[in-house]
Amino acid sequence: MLFTRALMHSEDYIVKLNDLLIKVANGRLDHESAGIRPSDPPLFSGIAACDDIQGQIMSGRVKAYEGLARMEQDTAHFTDGQTVSGIDAIVFCTGYSPDLSFLDVNIIQDDGKMELYKMIFPLHEKHHTLALIGQHGADGPLAVCFETEARLATLVMAGKHKLPSLKQMKKEVDYWKLHTFYRRGNYKSYFLSALLLTDSVAYELGCYPSFWKIFIRDPVLAFRTRYGPTYAVHYRLLGPGSQWEKAARLSHSLYEEGTSSVRHRQVRKFQRPDVYMYNKLRTIRLLIVSAAITVVGCFAYRIMGTPDSRLLALFH
């Protein structure tokens, strides 16, 4: 539930999300003490999710070193001066760089910038018969993002949806260029917010799960789609191809039973007698103080009596 719409569509979502990711990551393993904290905040560096890496590091089975400088036979030299010898195997996790040189369309520029509207359609093509799905990385579920992109591409190619003017599309392209440069510092590999991009494509499609449009029909679902986890089925609630009844029912089911695959017994409601007693004592203290103030006020009023009429005349 980290990437909620309420968070991702806020003005300072970068700051909030960085703080949240750091808190969650350090809650499992102190990255500073383990020596694996990157030099940049999470959204400006690579993010890796692994359930058992913290245990592997704490037990000494996995050791973290600074960047690799060079290799000499079975010895690795790192940028901080340390060396490790007797290495049996090396696994290169270098990622990939986009290459569309096999197309006669100029999409990727020399500096890595891509001229793709919604990261799908080549900007300067007169006829939008070419669509690139998944030509980017993202910080969330890619399958949902790619499905939404494919839906838009299908409607455009079928002649059921018209893209905006070139000026409007250019503005959108520039926005995603700035977005990826802000997070990565270059254009070599686009790494975007999956939720923001998917919602942007959904706006174009007309299937964005608008809070108020959903609220009119189902207030509870409106809050769940806004402040809860995001699901692919949310993009089937409204717009073309929508199936409100099935999508709404499945949305509620996913929200309520999201942990059913790992929960095998019914958990009773959590009782907090400590909190109850604390709130009770605080309420009693507040009532006593309020009563004391009331009594003192009434007593002081009776002693002082009514204000002198001459003093009142001064204020008229």
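Please treat every number below as a calculation from the coordinates, not as lab data. Note that the structure is predicted; figures quoted are calculated from it, not measured. We place every Cβ from the backbone using ideal geometry, glycine too, and count neighbours over all the protein chains shown.
Key figures for this structure:
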quantity: Helix axis angle, 13-28 relative to the chain longest principal axis, alpha carbon, degrees; calculated: 90
quantity: Spacing of the two label points (7 Å from each Cα toward its C-beta) at Arg249 and Met157, in nm; calculated: 3.3
quantity: Crossing angle, helix 273-304 versus the chain [Cα axis fit, 0-90 degrees, rounded to tens]; calculated: 40
quantity: Nearest-ten-degree value, helix 244-256 long axis tilted from longest Cα axis of the chain; calculated: 70
quantity: The range 209-261, Rg to Rh (Cα coordinates; Rh as Kirkwood inverse mean 1/r); calculated: 0.94
quantity: Relative contact order for the chain, counting Cα pairs under 8 Å that sit 6 or more residues apart, in percent; calculated: 15
quantity: Potential lengthening between Thr283 and Ser45 on full extension [0.36 nm per residue; Cα-Cα distance subtracted]; calculated: 80.9 nm
quantity: For the range 5-63, diffusion coefficient by Stokes-Einstein and Kirkwood Rh (Cα), 20 °C, 1.002 mPa s, µm²/s; calculated: 169
quantity: Per-residue Cβ neighbour rank within 10 angstrom, fewest leading, Leu116, Leu142, Leu43; calculated: Leu142, Leu43, Leu116
quantity: Above-threshold pairs, the threshold being 30 Å between Cα atoms, out of Lys160/Lys246; Lys16/Lys162; Lys126/Lys177; Lys113/Lys246; Lys118/Lys246; Lys126/Lys188; calculated: Lys16/Lys162; Lys113/Lys246
quantity: Cα-Cα pairs of the range 105-205 separated by more than 23 Å (percent); calculated: 19
quantity: Protection proxy ranking, peptides 279-287, 75-83, average beta carbon neighbours within 10 Å, highest first; calculated: 75-83, 279-287
quantity: Kirkwood hydrodynamic radius (C-alpha pairs) into Stokes-Einstein, the range 42-118, 25 °C and 0.890 mPa s, D in µm²/s; calculated: 147
quantity: Whole-number percent relative contact order across the range 5-63, with pairs defined as alpha carbons under 8 Å at least 6 apart; calculated: 27
quantity: C-alpha center-to-center spacing [the range 173-205, the range 62-105] in angstrom; calculated: 28
quantity: Rh (Kirkwood; distinct C-alpha pairs) - the range 153-300, Å; calculated: 20.7
quantity: For Cα Rg over 2.2 N^0.38 Å, calculated from these coordinates, the label among (i) 1.50; (ii) 0.91; (iii) 1.40; calculated: (i)
